Amino acid sequence: MIALVESEQTSELADLYRAQYRSLVRMASLLLGDVALSEEVVQDAFVQLHHNWRRVIDPSKREAYLRSIVLNIARSRSRRRTLGRRLEIVRPAGDAESAEAGAMRGADRDDVMRALRALPDRQRECLVLRYYLDLSERAIADTLGISAGSVKTHTSRAMAALTRALEPTR
């Protein structure tokens, strides 16, 4: 009986991995600006989900729970990177930009990404979940653990800040 339950869990986790991995890496990449680190974050999130599988009683909540894990790990990694910069810890010389990160570079995209990264964390997270993953306000609220009204407020403020930041100087 236990083997059957574990087999079902493994199958469900594998299906979730196939369906969500790429979009979660892209989401984390938008938050962190580093594809390799984002892949690591998503892998860690799936490991954490596997360990906490029984905690998520409602199977329909697993995707939101997984997104929450990715966001939390991304926040943690972002804080560590910021602290590392403050302490002037340099990266080893062997770290090179990934091919995908190099392909993503472009003047307009760089401006948007710079403006996106300048937003407060919660506003950036709301925009990424809304416009990248195309989640509903309710799904974003569930993922972030806030009210739908807060999602609307954060999204509105973030869009206004991006508009100001990206307006051409006259």
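The values are calculated or read from the model by the stated rules, or taken from the named source; none is laboratory data. Source: prediction; values computed, not measured. In this analysis, Cβ positions are derived from the backbone assuming ideal geometry, glycine residues included, and neighbour counts consider all displayed protein chains. The accessibility values were calculated without ligands, DNA or RNA, using every heavy atom of the protein model including side chains. Shrake-Rupley method; radii C 1.70, N 1.55, O 1.52, S 1.80 Å.
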For ARG157, what charge total do you get from the other residues with a beta carbon under 15 Å from its beta carbon, if Lys and Arg give +1 and Asp and Glu give -1? +2
From largest accessible area down, sort HIS51, HIS154; use a 1.4 Å probe on the protein chains. HIS51, HIS154
Using modelled amide H (1.01 Å from N, peptide plane; none on Pro or chain starts), what sits under 5 Å from the amide H of LEU135, excluding residues fewer than 5 places away? ARG130
3J(HN,Hα) from dihedral phi, the stretch 64-70, Karplus parametrisation 6.51/-1.76/1.60, rounded to Hz, x for glycine, proline: 5, 4, 5, 4, 4, 4, 4
Rounded to 0.05, the calculated FRET efficiency for the beta carbons of TRP53 and ARG75 at R₀ = 25 Å is 0.65
Among 40-48, 111-119, how do they line up by average Cβ neighbours within 10 Å per residue, starting with the highest? 40-48, 111-119
Taking the alpha-carbon centre of each part, the distance from the stretch 8-31 to the stretch 53-79 in Å is 11
